[in-house]
Amino acid sequence: MSKPSHTERSSTASSPSWSLDTQAVALGRPPHTAGEPVNEPITLTSTFHAGADLSYARVGNPTWAAFEETVGVLEGGHALAFASGMASISAVLSLVPHGAVVVAPHHAYSGTTGILADLASSGALVVRHVDISDTDEVLAALALEPTADLLIAESPTNPMLEVADLPAIVAAGHDIGALVMVDNTFATPLLQRPLDDGADIVIHSATKYLSGHSDVLLGVAITPDTGAGRALSERLHTHRTSRGAIPGPMEVWLALRGLRTLSVRLERSGANAVALAQRLAEHPAVSRVRYPGWGSIVAIEVAAVGGLTTAQSAEAVCDRTRLWTHSTSLGGVESQIERRRRHTAEVETVPDNLLRLSVGIESVEDLWRDLDSALTGA
Ligand code: PLP
(Lines give C-alpha, C1' and ligand atoms only; values in the text may rest on other atoms or scores of the structure.)
Protein backbone atom coordinates (compact mmCIF):
# COMPACT_ATOMS: atom_id res chain seq x y z
CA MET A 1 0.00 0.00 0.00
CA SER A 2 1.33 3.44 -0.78
CA LYS A 3 1.84 6.06 1.89
CA PRO A 4 -1.21 8.02 2.98
CA SER A 5 -2.01 10.91 0.73
CA HIS A 6 -0.47 13.62 2.90
CA THR A 7 2.03 14.38 0.15
CA GLU A 8 -0.48 14.07 -2.67
CA ARG A 9 -2.94 16.62 -3.92
CA SER A 10 -6.06 16.35 -5.98
CA SER A 11 -6.64 20.03 -6.34
CA THR A 12 -4.68 21.41 -9.22
CA ALA A 13 -6.08 22.07 -12.66
CA SER A 14 -4.03 20.01 -15.10
CA SER A 15 -4.21 18.44 -18.50
CA PRO A 16 -1.88 15.71 -19.74
CA SER A 17 -1.84 17.46 -23.13
CA TRP A 18 -0.13 20.52 -21.67
CA SER A 19 3.56 20.90 -22.37
CA LEU A 20 6.03 20.64 -19.51
CA ASP A 21 6.60 24.40 -19.77
CA THR A 22 2.90 24.88 -19.03
CA GLN A 23 2.81 22.24 -16.28
CA ALA A 24 5.68 24.04 -14.51
CA VAL A 25 3.48 27.11 -14.32
CA ALA A 26 0.08 25.53 -13.72
CA LEU A 27 0.63 22.68 -11.26
CA GLY A 28 0.95 22.77 -7.49
CA ARG A 29 -1.73 25.42 -7.03
CA PRO A 30 -4.98 25.47 -5.05
CA PRO A 31 -8.14 24.66 -7.05
CA HIS A 32 -9.59 27.24 -9.42
CA THR A 33 -12.36 28.03 -6.97
CA ALA A 34 -13.77 31.42 -6.06
CA GLY A 35 -11.94 32.85 -3.09
CA GLU A 36 -9.04 30.36 -3.14
CA PRO A 37 -5.57 31.85 -3.29
CA VAL A 38 -3.76 31.55 -6.61
CA ASN A 39 -0.57 30.33 -4.93
CA GLU A 40 -0.10 27.51 -2.46
CA PRO A 41 0.44 29.21 0.93
CA ILE A 42 3.49 28.46 3.07
CA THR A 43 2.30 26.14 5.80
CA LEU A 44 4.32 26.91 8.90
CA THR A 45 3.31 24.33 11.44
CA SER A 46 5.04 21.49 13.23
CA THR A 47 1.85 19.55 13.88
CA PHE A 48 -1.74 19.10 12.71
CA HIS A 49 -5.05 18.61 14.48
CA ALA A 50 -5.48 14.92 15.17
CA GLY A 51 -7.83 12.72 13.20
CA ALA A 52 -6.46 12.90 9.65
CA ASP A 53 -3.67 11.08 7.81
CA LEU A 54 -1.19 13.87 8.41
CA SER A 55 -0.37 14.34 12.06
CA TYR A 56 3.19 15.67 12.30
CA ALA A 57 5.15 17.90 9.92
CA ARG A 58 8.24 15.69 9.69
CA VAL A 59 6.00 13.30 7.74
CA GLY A 60 4.44 15.77 5.31
CA ASN A 61 3.51 19.37 4.64
CA PRO A 62 1.05 20.86 2.11
CA THR A 63 3.73 23.22 0.76
CA TRP A 64 6.00 20.24 0.05
CA ALA A 65 3.08 18.49 -1.62
CA ALA A 66 2.56 21.38 -4.06
CA PHE A 67 6.24 21.35 -5.04
CA GLU A 68 6.36 17.56 -5.21
CA GLU A 69 3.29 17.42 -7.42
CA THR A 70 4.87 19.84 -9.87
CA VAL A 71 8.35 18.28 -9.98
CA GLY A 72 6.81 14.81 -10.13
CA VAL A 73 4.87 15.65 -13.28
CA LEU A 74 7.88 17.37 -14.86
CA GLU A 75 10.10 14.31 -14.34
CA GLY A 76 7.29 11.82 -15.03
CA GLY A 77 7.07 10.21 -11.59
CA HIS A 78 6.46 10.75 -7.90
CA ALA A 79 8.66 13.32 -6.14
CA LEU A 80 9.85 13.68 -2.55
CA ALA A 81 11.54 16.87 -1.36
CA PHE A 82 14.66 16.62 0.82
CA ALA A 83 16.70 19.07 2.86
CA SER A 84 19.36 19.33 0.12
CA GLY A 85 20.65 17.52 -2.93
CA MET A 86 23.07 15.65 -0.69
CA ALA A 87 20.21 14.57 1.57
CA SER A 88 18.43 13.06 -1.44
CA ILE A 89 21.61 11.24 -2.55
CA SER A 90 22.12 9.93 1.02
CA ALA A 91 18.53 8.66 0.98
CA VAL A 92 19.23 6.77 -2.26
CA LEU A 93 22.39 5.25 -0.77
CA SER A 94 20.27 3.96 2.12
CA LEU A 95 18.45 1.73 -0.39
CA VAL A 96 21.44 -0.59 -0.90
CA PRO A 97 22.78 -3.03 1.71
CA HIS A 98 26.06 -2.80 3.63
CA GLY A 99 28.93 -3.83 1.33
CA ALA A 100 26.98 -3.04 -1.87
CA VAL A 101 28.87 -2.41 -5.10
CA VAL A 102 28.27 1.06 -6.57
CA VAL A 103 29.38 2.20 -10.02
CA ALA A 104 29.76 5.98 -10.18
CA PRO A 105 31.39 8.63 -12.38
CA HIS A 106 34.97 9.76 -11.68
CA HIS A 107 33.80 13.29 -12.23
CA ALA A 108 30.54 13.41 -10.34
CA TYR A 109 29.85 16.40 -8.07
CA SER A 110 32.59 16.42 -5.41
CA GLY A 111 30.05 15.97 -2.59
CA THR A 112 28.86 12.76 -4.25
CA THR A 113 32.39 11.42 -4.78
CA GLY A 114 33.16 12.48 -1.19
CA ILE A 115 30.31 10.58 0.43
CA LEU A 116 31.11 7.52 -1.71
CA ALA A 117 34.78 7.70 -0.63
CA ASP A 118 33.76 7.93 3.05
CA LEU A 119 31.44 4.94 2.77
CA ALA A 120 34.05 2.96 0.83
CA SER A 121 36.75 3.67 3.42
CA SER A 122 34.52 2.39 6.24
CA GLY A 123 33.68 -0.75 4.23
CA ALA A 124 30.01 0.18 3.86
CA LEU A 125 30.27 0.28 0.04
CA VAL A 126 32.58 -0.89 -2.74
CA VAL A 127 32.87 1.87 -5.32
CA ARG A 128 33.93 1.43 -8.97
CA HIS A 129 34.65 4.73 -10.70
CA VAL A 130 34.08 5.05 -14.43
CA ASP A 131 34.14 7.58 -17.22
CA ILE A 132 30.36 7.81 -17.47
CA SER A 133 30.61 8.82 -21.16
CA ASP A 134 32.48 5.60 -21.98
CA THR A 135 29.58 3.15 -22.27
CA ASP A 136 31.82 0.08 -22.62
CA GLU A 137 33.68 1.01 -19.45
CA VAL A 138 30.40 1.48 -17.56
CA LEU A 139 29.03 -1.85 -18.82
CA ALA A 140 32.24 -3.67 -17.82
CA ALA A 141 32.20 -2.13 -14.32
CA LEU A 142 28.55 -3.13 -13.84
CA ALA A 143 29.08 -6.72 -14.96
CA LEU A 144 32.32 -7.40 -13.07
CA GLU A 145 31.78 -10.04 -10.35
CA PRO A 146 30.33 -9.35 -7.88
CA THR A 147 27.98 -7.39 -10.09
CA ALA A 148 26.90 -3.88 -9.14
CA ASP A 149 23.94 -3.12 -6.86
CA LEU A 150 23.65 0.55 -7.77
CA LEU A 151 24.63 2.66 -10.77
CA ILE A 152 24.93 6.38 -10.12
CA ALA A 153 24.97 8.47 -13.27
CA GLU A 154 25.38 12.19 -13.62
CA SER A 155 24.88 13.56 -17.10
CA PRO A 156 26.29 16.01 -17.95
CA THR A 157 28.86 15.55 -15.17
CA ASN A 158 29.91 18.29 -12.80
CA PRO A 159 32.29 19.88 -13.78
CA MET A 160 33.69 18.00 -16.80
CA LEU A 161 30.42 17.96 -18.74
CA GLU A 162 30.73 14.35 -19.89
CA VAL A 163 27.47 13.02 -21.31
CA ALA A 164 26.29 9.45 -20.67
CA ASP A 165 24.34 7.23 -23.03
CA LEU A 166 21.53 6.93 -20.47
CA PRO A 167 19.29 4.38 -22.27
CA ALA A 168 22.28 2.03 -22.79
CA ILE A 169 23.69 2.19 -19.27
CA VAL A 170 20.25 2.05 -17.61
CA ALA A 171 19.43 -1.10 -19.60
CA ALA A 172 22.79 -2.66 -18.69
CA GLY A 173 22.22 -1.82 -15.01
CA HIS A 174 18.82 -3.49 -15.10
CA ASP A 175 20.23 -6.56 -16.88
CA ILE A 176 22.31 -7.31 -13.80
CA GLY A 177 19.58 -6.27 -11.34
CA ALA A 178 21.15 -2.98 -10.24
CA LEU A 179 19.20 0.10 -9.22
CA VAL A 180 19.94 3.11 -11.41
CA MET A 181 19.97 6.65 -10.06
CA VAL A 182 20.51 9.65 -12.33
CA ASP A 183 21.51 13.05 -10.96
CA ASN A 184 19.62 15.32 -13.37
CA THR A 185 20.68 18.60 -11.78
CA PHE A 186 22.53 20.01 -14.82
CA ALA A 187 19.92 19.03 -17.41
CA THR A 188 16.60 19.55 -15.57
CA PRO A 189 13.47 17.68 -16.74
CA LEU A 190 12.96 20.23 -19.50
CA LEU A 191 16.11 18.98 -21.28
CA GLN A 192 16.33 15.34 -20.18
CA ARG A 193 13.92 12.93 -18.46
CA PRO A 194 15.87 9.90 -17.19
CA LEU A 195 12.75 8.08 -15.93
CA ASP A 196 11.67 7.87 -19.59
CA ASP A 197 14.97 6.07 -20.23
CA GLY A 198 14.11 3.56 -17.52
CA ALA A 199 16.03 5.03 -14.55
CA ASP A 200 14.71 3.97 -11.12
CA ILE A 201 15.42 7.23 -9.32
CA VAL A 202 16.17 10.76 -10.46
CA ILE A 203 17.62 13.20 -7.98
CA HIS A 204 18.25 16.93 -8.15
CA SER A 205 20.07 19.48 -6.21
CA ALA A 206 16.95 21.67 -6.41
CA THR A 207 19.28 24.32 -4.98
CA LYS A 208 20.29 24.87 -8.61
CA TYR A 209 18.06 25.26 -11.69
CA LEU A 210 14.75 24.13 -10.20
CA SER A 211 14.73 26.97 -7.68
CA GLY A 212 16.98 29.12 -9.84
CA HIS A 213 17.80 32.14 -7.65
CA SER A 214 20.66 31.01 -5.39
CA ASP A 215 18.54 31.58 -2.30
CA VAL A 216 17.60 28.04 -1.30
CA LEU A 217 19.17 24.68 -0.43
CA LEU A 218 16.89 21.84 -1.42
CA GLY A 219 16.89 18.33 -2.87
CA VAL A 220 14.33 16.15 -4.57
CA ALA A 221 14.13 12.47 -5.50
CA ILE A 222 11.68 11.22 -8.12
CA THR A 223 10.67 7.62 -8.72
CA PRO A 224 8.46 6.17 -11.47
CA ASP A 225 4.74 5.74 -11.02
CA THR A 226 4.99 1.92 -11.18
CA GLY A 227 4.68 -0.73 -8.49
CA ALA A 228 8.46 -0.92 -8.08
CA GLY A 229 8.76 2.86 -8.23
CA ARG A 230 6.11 3.36 -5.55
CA ALA A 231 7.88 0.84 -3.31
CA LEU A 232 11.14 2.80 -3.69
CA SER A 233 9.31 6.03 -2.96
CA GLU A 234 7.91 4.55 0.22
CA ARG A 235 11.40 3.52 1.37
CA LEU A 236 12.76 6.99 0.56
CA HIS A 237 9.86 8.55 2.43
CA THR A 238 10.55 6.38 5.47
CA HIS A 239 14.22 7.38 5.33
CA ARG A 240 13.32 11.08 5.06
CA THR A 241 10.92 10.89 8.00
CA SER A 242 13.02 8.76 10.32
CA ARG A 243 16.32 10.57 9.63
CA GLY A 244 14.67 13.98 9.56
CA ALA A 245 16.15 14.84 6.14
CA ILE A 246 13.31 17.29 5.59
CA PRO A 247 13.24 20.72 3.95
CA GLY A 248 11.81 23.86 5.51
CA PRO A 249 8.47 24.98 4.06
CA MET A 250 9.91 28.40 3.19
CA GLU A 251 12.65 26.83 1.06
CA VAL A 252 10.15 24.64 -0.74
CA TRP A 253 7.82 27.55 -1.38
CA LEU A 254 10.67 29.58 -2.87
CA ALA A 255 11.64 26.63 -5.05
CA LEU A 256 8.06 26.28 -6.28
CA ARG A 257 8.05 29.96 -7.17
CA GLY A 258 11.34 29.47 -8.99
CA LEU A 259 9.96 26.52 -10.94
CA ARG A 260 7.34 28.78 -12.52
CA THR A 261 10.06 30.44 -14.62
CA LEU A 262 12.27 27.38 -15.24
CA SER A 263 11.48 27.22 -18.92
CA VAL A 264 12.18 30.89 -19.72
CA ARG A 265 15.30 30.89 -17.54
CA LEU A 266 16.68 27.84 -19.32
CA GLU A 267 15.80 29.20 -22.74
CA ARG A 268 17.74 32.40 -22.08
CA SER A 269 20.69 30.89 -20.19
CA GLY A 270 21.01 28.07 -22.73
CA ALA A 271 21.11 30.52 -25.66
CA ASN A 272 23.69 32.60 -23.77
CA ALA A 273 25.78 29.48 -23.13
CA VAL A 274 25.75 28.46 -26.81
CA ALA A 275 26.91 31.93 -27.86
CA LEU A 276 29.60 32.15 -25.18
CA ALA A 277 30.94 28.64 -25.87
CA GLN A 278 31.41 29.59 -29.54
CA ARG A 279 33.23 32.82 -28.72
CA LEU A 280 35.35 31.22 -25.99
CA ALA A 281 36.55 28.57 -28.44
CA GLU A 282 38.23 31.39 -30.42
CA HIS A 283 39.70 33.19 -27.41
CA PRO A 284 43.51 33.14 -27.23
CA ALA A 285 43.48 32.88 -23.41
CA VAL A 286 41.35 29.73 -23.51
CA SER A 287 43.04 26.41 -24.25
CA ARG A 288 39.92 24.25 -24.19
CA VAL A 289 36.14 24.61 -24.06
CA ARG A 290 33.91 21.83 -22.80
CA TYR A 291 30.26 22.22 -23.75
CA PRO A 292 27.89 19.42 -24.73
CA GLY A 293 26.00 21.74 -27.12
CA TRP A 294 23.02 22.20 -24.80
CA GLY A 295 22.37 23.33 -21.24
CA SER A 296 23.74 26.36 -19.43
CA ILE A 297 27.07 25.18 -18.02
CA VAL A 298 30.31 25.69 -19.92
CA ALA A 299 33.77 24.67 -18.67
CA ILE A 300 36.93 26.31 -19.99
CA GLU A 301 40.60 25.73 -19.43
CA VAL A 302 42.67 28.88 -19.13
CA ALA A 303 46.11 29.12 -20.77
CA ALA A 304 49.07 30.07 -18.53
CA VAL A 305 50.18 33.69 -18.91
CA GLY A 306 53.00 35.96 -17.72
CA GLY A 307 54.95 33.57 -15.49
CA LEU A 308 51.81 32.44 -13.64
CA THR A 309 50.89 28.76 -13.34
CA THR A 310 47.79 27.59 -15.17
CA ALA A 311 45.91 27.50 -11.84
CA GLN A 312 47.02 31.03 -10.95
CA SER A 313 46.03 32.27 -14.39
CA ALA A 314 42.57 30.76 -13.95
CA GLU A 315 42.19 32.26 -10.45
CA ALA A 316 43.19 35.65 -11.85
CA VAL A 317 40.28 35.47 -14.32
CA CYS A 318 37.85 34.87 -11.43
CA ASP A 319 39.33 37.81 -9.52
CA ARG A 320 38.91 40.15 -12.48
CA THR A 321 35.26 39.56 -13.39
CA ARG A 322 32.85 42.24 -12.23
CA LEU A 323 29.54 40.94 -13.54
CA TRP A 324 30.19 37.21 -13.20
CA THR A 325 30.09 36.32 -9.52
CA HIS A 326 33.07 34.38 -8.24
CA SER A 327 31.24 31.80 -6.16
CA THR A 328 30.55 28.12 -5.91
CA SER A 329 27.17 26.63 -6.97
CA LEU A 330 25.32 27.06 -10.24
CA GLY A 331 21.92 27.29 -11.84
CA GLY A 332 20.94 30.75 -10.62
CA VAL A 333 19.75 33.65 -12.76
CA GLU A 334 23.12 35.33 -12.17
CA SER A 335 26.23 34.05 -13.95
CA GLN A 336 28.79 32.35 -11.76
CA ILE A 337 32.42 31.44 -12.32
CA GLU A 338 34.65 29.18 -10.28
CA ARG A 339 37.93 27.28 -10.49
CA ARG A 340 36.79 23.91 -9.24
CA ARG A 341 40.18 22.70 -8.07
CA ARG A 342 40.28 25.48 -5.47
CA HIS A 343 38.34 22.91 -3.44
CA THR A 344 40.63 20.18 -2.15
CA ALA A 345 37.67 17.79 -2.42
CA GLU A 346 37.65 18.09 -6.23
CA VAL A 347 39.24 15.08 -7.92
CA GLU A 348 42.72 15.60 -9.35
CA THR A 349 41.76 14.54 -12.87
CA VAL A 350 39.79 17.79 -13.13
CA PRO A 351 42.38 20.16 -14.68
CA ASP A 352 43.64 22.75 -12.19
CA ASN A 353 42.94 25.55 -14.70
CA LEU A 354 39.33 24.50 -15.35
CA LEU A 355 36.75 27.21 -14.73
CA ARG A 356 33.12 26.20 -14.46
CA LEU A 357 30.83 28.84 -15.90
CA SER A 358 27.21 28.74 -14.85
CA VAL A 359 25.70 30.98 -17.48
CA GLY A 360 22.82 33.11 -16.29
CA ILE A 361 20.13 35.20 -17.93
CA GLU A 362 21.91 38.55 -18.19
CA SER A 363 22.54 40.17 -21.58
CA VAL A 364 25.00 37.94 -23.44
CA GLU A 365 26.94 40.99 -24.62
CA ASP A 366 27.50 42.19 -21.05
CA LEU A 367 28.57 38.68 -20.04
CA TRP A 368 30.96 38.44 -22.97
CA ARG A 369 32.55 41.86 -22.39
CA ASP A 370 33.16 41.07 -18.71
CA LEU A 371 34.58 37.61 -19.42
CA ASP A 372 36.66 38.74 -22.38
CA SER A 373 38.29 41.54 -20.39
CA ALA A 374 38.91 39.21 -17.41
CA LEU A 375 40.53 36.65 -19.73
CA THR A 376 42.53 39.24 -21.62
CA GLY A 377 43.62 41.08 -18.47
CA ALA A 378 44.75 37.87 -16.85
N1 PLP B 1 24.46 17.10 -7.51
C2 PLP B 1 25.07 18.03 -8.26
C3 PLP B 1 25.28 17.78 -9.72
C4 PLP B 1 25.52 19.22 -7.68
O5 PLP B 1 26.12 20.13 -8.44
C6 PLP B 1 25.32 19.42 -6.28
C7 PLP B 1 25.79 20.65 -5.62
O8 PLP B 1 26.53 21.43 -6.20
C9 PLP B 1 24.69 18.41 -5.54
C10 PLP B 1 24.26 17.27 -6.18
C11 PLP B 1 24.47 18.56 -4.07
O12 PLP B 1 23.40 19.43 -3.86
P13 PLP B 1 23.18 20.33 -2.54
O14 PLP B 1 24.29 21.32 -2.50
O15 PLP B 1 21.83 20.90 -2.76
O16 PLP B 1 23.25 19.40 -1.37
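The values are calculated or read from the model by the stated rules, or taken from the named source; none is laboratory data. If you're wondering where the values come from, they're calculated on a predicted model, not measured in any experiment. Cβ atoms come from the backbone with ideal geometry, glycine included; neighbour counts cover every protein chain shown. Please note that ligands, DNA and RNA were not included when accessible areas were found on the heavy atoms of the full protein model with its side chains. Shrake-Rupley method; radii C 1.70, N 1.55, O 1.52, S 1.80 Å.
Residues in the stretch 348-378 that are of a type in the set (A, V, I, L, M, F, W, C) and modelled with pLDDT under 95: Ala378 only.
Note on the stretch 27-40: residues that are free of Cβ contacts under 8 Å to residues at least 40 places away in the same chain and either crowded, with 20+ Cβ neighbours inside 10 Å or under 18 Å from Arg235 (Cα atoms) (or both) total 1. So for the stretch 3-12 (the condition being at pLDDT below 95 and under 24 Å from Thr185 (Cα atoms)), does at least one residue qualify? Yes. Considering Ser269, Ser242, the condition of being within 20 Å of the chain's Cα centre (by Cα) and at pLDDT 95 or above is satisfied by Ser269 alone. Residues in the stretch 154-181 that are more than 16 Å from the ligand (Cβ to nearest atom) and part of a loop (DSSP other than H, G, I, E, B): Asp165, Ile176, Gly177, Ala178. No other residue among Arg279, Arg356, Arg322 is open to solvent by 60 Å² or more (accessible area, probe 1.4 Å), closer than 30 Å to Ala206 by Cβ and either of a type in the set (Val, Ile, Thr) or out of contact with any His (no Cβ under 9 Å at 6 or more places or on another chain) (or both) apart from Arg322.
Restricting the stretch 195-217 to residues that are within 10 Å of the chain's Cα centre (by Cα) and of a type in the set (A, V, I, L, M, F, W, C) leaves a set whose member that is surrounded by the most Cβ atoms within 10 Å (Cβ to Cβ) is Ala206. The listed residues are Ala303, Ala345, Ala374, Ala299, and the only one of them that is touching a residue at least 12 places away in the same chain (Cβ under 8 Å), within 16 Å of the ligand (Cβ to nearest atom) and touching a Ser or Thr at 6+ places or on another chain (Cβ under 6 Å) turns out to be Ala345.
Applying the criterion of being touching a residue at least 12 places away in the same chain (Cβ under 8 Å) and small (Gly, Ala, Ser) to the residues of the stretch 233-247, the residue that is surrounded by the fewest Cβ atoms within 10 Å (Cβ to Cβ) is Gly244.
Per the conditions (1) out of contact with any strand residue (DSSP E or B) (no Cβ under 7 Å at 6 or more places or on another chain); (2) of a type outside the set (Ser, Thr, Tyr); (3) more than 16 Å from the ligand (Cβ to nearest atom), the sole criterion not satisfied by Arg243 is (3). Screening the candidates Ala87, Ala120, Ala65 for the property of being more than 19 Å from Val347 (Cα to Cα) and away from the ligand (no atom under 13 Å from the Cβ) yields one hit, Ala65. Under the condition of being within 16 Å of the ligand (Cβ to nearest atom) and on the phi < 0 side of the Ramachandran plot, the residues counted in the stretch 191-235 number 24.
The condition of being out of contact with any Lys or Arg (no Cβ under 6 Å at 6 or more places or on another chain) and among the hydrophobic types (A, V, I, L, M, F, W, C) holds for only one of Ala65, Ala79, that being Ala79.
Where strands (runs of 3 or more DSSP E) fall wholly inside the stretch 41-153, the ranges with 1 or more residues that are open to solvent by 40 Å² or more (accessible area, probe 1.4 Å) and within 30 Å of Gln23 (Cα to Cα) are 77-82.
For the stretch 166-194, enumerate the residues that are surrounded by fewer than 24 Cβ atoms within 10 Å (Cβ to Cβ) and farther than 22 Å from Leu116 by Cβ. Once the filter is applied, which keeps residues that are surrounded by fewer than 24 Cβ atoms within 10 Å (Cβ to Cβ) and farther than 22 Å from Leu116 by Cβ, the stretch 166-194 yields Pro167, Ala168, Ala171, Asp175, Leu190, Leu191, Gln192, Arg193. The residues in the stretch 209-238 that are touching a strand residue (DSSP E or B) at 6+ places or on another chain (Cβ under 8 Å) and charged (D, E, K, R) can be counted, and the count is 2.
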